[in-house]
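The values are calculated or read from the model by the stated rules, or taken from the named source; none is laboratory data. This is a predicted model, so every value here is computed, not measured. When we count neighbours, we look across all protein chains shown, and the Cβ atoms used for this are built from the backbone with ideal geometry, even at glycine. Surface areas here come from the heavy atoms of the whole protein model, side chains and all, with no ligands, DNA or RNA. Shrake-Rupley method; radii C 1.70, N 1.55, O 1.52, S 1.80 Å.
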Amino acid sequence: MRKRKFFVRILFVLFLFLITNTLFAFISYHATGWLYGQLGTEPHDFWQQLGTVLGVFVLFACSAAIIFLIGLNRQRNYWDAIVEALRQMAKGDFNIQLDVKGNKEDQFGQLIHGINHMAVELGELERMRQEFISNVSHEIQSPLTSINGFAKALKNIHLPEEKRQHYLEIIELESNRLSKISDNLLKLTSLESQHHPFETTTYRLDKQLRNVILALEPNWVAKQLDFDLHLDNITITADEDLLNQVWMNLLTNSIKFTSDRGAITLTMTQHLDTITIIVQDTGIGLSEEQQMHIFERFYKADQSRTAANGGSGLGLAIVKKIIDMHHGTIAVESKLGKFTAFLITLPIDTTETRAND
């Protein structure tokens, strides 16, 4: 396709050159004829032809100079606009859009298009950074304010012992929540960096899931939850520690948001070179709006229970990042007051998948 365009351009340039020189020859011939008439002389045919050729050369040189100056001025306008745009971006202003008209197929057009695209991407990153800082500040400030308030209340020497113990429990709960926020932030930051270790091993995924359920047994037994398992014997090559974090976060959420005597179903099946894992519970469910934002940082679907469950809104963001690192997908299906199901698809061999990138 590119070769075809190249040959078309060559033919167009040759055609334009031929037409231009024919026009210049016509103009030069009649101009020299008019000049000879004014001078009242008729030189030899050789000198007439030479004069015509020189005229063509002069016209061609003048045209080339004019085109060059126009192009130079156009390039200068391009560079001035580009330099000004880069200066604005260097100052942190990404709300720019170069409107210098240029062909996207030439070098300047591609450069301008690239700068416009870069400004949009940097602007989006800056918005996300500001939002992230705002969320972090809010999430950290909330438990700190609570701890500070109840610590001051404990200074009251006349405070009943029952209230004193209650305040201490709240301080302990908020301290744990603050610690969890810090740990999750470090975890997410590490995962999003390009230096987080990704160490794959080959292991039985069904055994890993069973071990996670056993580790969480005190939590789901206390709520008298039923676990329904449908796990095929499947071996996977992946980062075992990272996927363990995924199952821990998902199952912890299912246990946390499922009412007493509810049920959790864990299903795993293999399809050619992929594995599908479904974690479904009979919990409080999610609205369509909540499902759209459930994997965003600091998003909490159940704001009323944040203080009680110590959630930071980072758990599912971490899950999404780990699944992405394994080149898998995660989706959620839910209905308010009925159920919530997380559907995870993973390649059986993530090492091979990453090598193909």
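Quick notes on this structure:
Quick grid of which residues meet (1) modelled with pLDDT of 90 or more; (2) under 21 Å from the mean Cα position of the chain (by Cα):
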position	(1), (2)
THR276	yes, no
GLU288	no, no
PHE295	no, yes
GLN303	no, no
ASN309	no, no
LYS320	yes, yes
LYS335	yes, no
THR353	no, yes
ASN356	no, yes
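- The sole residue among ILE70, ILE96, ILE66 that is β-branched (Val, Ile, Thr) and at pLDDT below 70 is ILE70.
- Being surrounded by 12 or more Cβ atoms within 10 Å (Cβ to Cβ), on the phi < 0 side of the Ramachandran plot and of a type outside the set (Phe, Trp, Tyr) is a description that applies to ALA215.
- Matching residues in the range 204-234 - criterion: being under 31 Å from the mean Cα position of the chain (by Cα) and part of a strand (DSSP E or B): none
- Restricting the first member to the range 165-179 and to residues that are more than 12 Å from ALA151 (Cα to Cα), and the second to residues that are open to solvent by less than 70 Å² (accessible area, probe 1.4 Å), the beta-carbon pairs closer than 6 Å and six or more apart or on different chains are ARG177/PRO143; ARG177/GLY310; LEU178/PRO143.
- Here the condition is being at pLDDT below 85, within 25 Å of the chain's Cα centre (by Cα), hydroxyl-bearing (Ser, Thr, Tyr) and over 26 Å from PHE257 (Cα atoms); of SER193, SER182, it holds for SER193 alone.
- Selection status of GLU192, open to solvent by less than 70 Å² (accessible area, probe 1.4 Å), within 30 Å of LYS321 (Cα to Cα) and in contact with a helix residue (DSSP H, G or I) (Cβ under 9 Å, 6 or more places away or on another chain): no
- Residues being within 15 Å of LEU266 (Cα to Cα) and β-branched (Val, Ile, Thr) - total across the range 219-246: 2
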